[in-house]
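Novice: Take this structure first; my questions come after.
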Amino acid sequence: MNQNTQPIIVVEDDAEDREILKEVLESLKLPFPVKYFDEGRAVLDYLRTTKDHPFIILTDVNMSGMNGIRLREEIMKDEALRVKSIPFVFVSTSDGKDMLHKIYDLQVQGYFEKPNTLSGMKTQLSLIIQYWMECRHPNQVK
């Protein structure tokens, strides 16, 4: 599959955090394009209309409009989107035991707390993306 048709989807409503994510992802020089969204509804619209096969969805939990949890719920309810098996990972500052239980009940592939430094963010995102580049999953099978 052409990596140009496998964008990384970043969902973040905070403009400053989105810029940091953009800077970090650009510094990693990844072979994937990156598409940025500021809320879940726009991601759903994109996923339902694109011919792209997203590589991964990286999302915040708490956002205005449709939050990350609701986005995941909607993807899981939509059979056409669910069977695409797009890795879904939360990168957020929201935590707590109840929240983590709710998140993992949605069959996500991970929850990571946002690091406080650029170098920490770079290390974290690099590890997440490297893992999914190596991991065998349905999006890789030709």
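Novice: Can you list the lysines whose alpha carbon is less than 19 Å from that of K84, not counting same-chain residues fewer than 8 positions off?
Specialist: By straight Cα distance, K84 reaches K35, K51, K142.
Novice: Then there's this: How large is the accessible surface per residue of the chain, computed with a 1.4 Å probe and reported in Å² as a whole number?
Specialist: 54
Novice: Just checking my list [x] 29; [y] 33; [z] 41 against percent of Cα pairs over 22 Å apart computed from this structure; which label fits?
Specialist: [y]
Novice: If each of Y104 and A42 carries a label point 7 Å out from its Cα toward its Cβ, how far apart are those two points in nm?
Specialist: 3.2
Novice: Excluding residues fewer than 8 places away in the same chain, name every one of the lysines whose C-alpha is closer than 23 Å to that of K97.
Specialist: Qualifying lysines at Cα under 23 Å: K114.
Novice: Report the gain in length on full extension from M133 to N116: 0.36 nm times residue separation, minus Cα-Cα distance, nm rounded to one decimal. Working shown, then result.
Specialist: On the way: separation 17, 0.36 × 17 = 6.12 nm, distance 2.51 nm.
Between M133 and N116, full extension yields 3.6 nm more.
Novice: Could you work out how far apart the two model spin labels at K51 and L81 are, taking each label as a point 7 Å from the Cα in the direction of the beta carbon, and quote it in nm?
Specialist: It works out to 2.1 nm between the two label points.
Novice: To continue, here is another question. Over the chain, what is the relative contact order in percent, taking alpha-carbon pairs closer than 8 angstrom and at least six residues apart?
Specialist: Dividing the mean separation by the residue count of the chain yields 25 percent.
Novice: Further question: Of the accessible area of the chain, with the probe set at 1.4 angstrom, what percent is carbon plus sulfur?
Specialist: Numbers: 3740 of 7620 Å².
The C+S portion of the solvent-accessible surface of the chain is 49 percent.
Novice: A follow-up question, please. How large is the helix-only mean residue ellipticity at 222 nm for the chain, computed as the sum of -39500 (n - 2.57) over DSSP H runs with n ≥ 4, divided by its residue count, in deg cm²/dmol to the nearest 500?
Specialist: Here the helix-only value at 222 nm equals -13000 deg cm²/dmol.
The values are calculated or read from the model by the stated rules, or taken from the named source; none is laboratory data. Quick caveat, the model's predicted, so the values are computed rather than measured. Because the Cβ atoms are built from the backbone with ideal geometry, glycine has one as well, and the counts that use them run over all protein chains shown. Just so you know, the surface numbers come from the protein's heavy atoms only, side chains and all, with ligands and any DNA or RNA stripped out. Shrake-Rupley method; radii C 1.70, N 1.55, O 1.52, S 1.80 Å.
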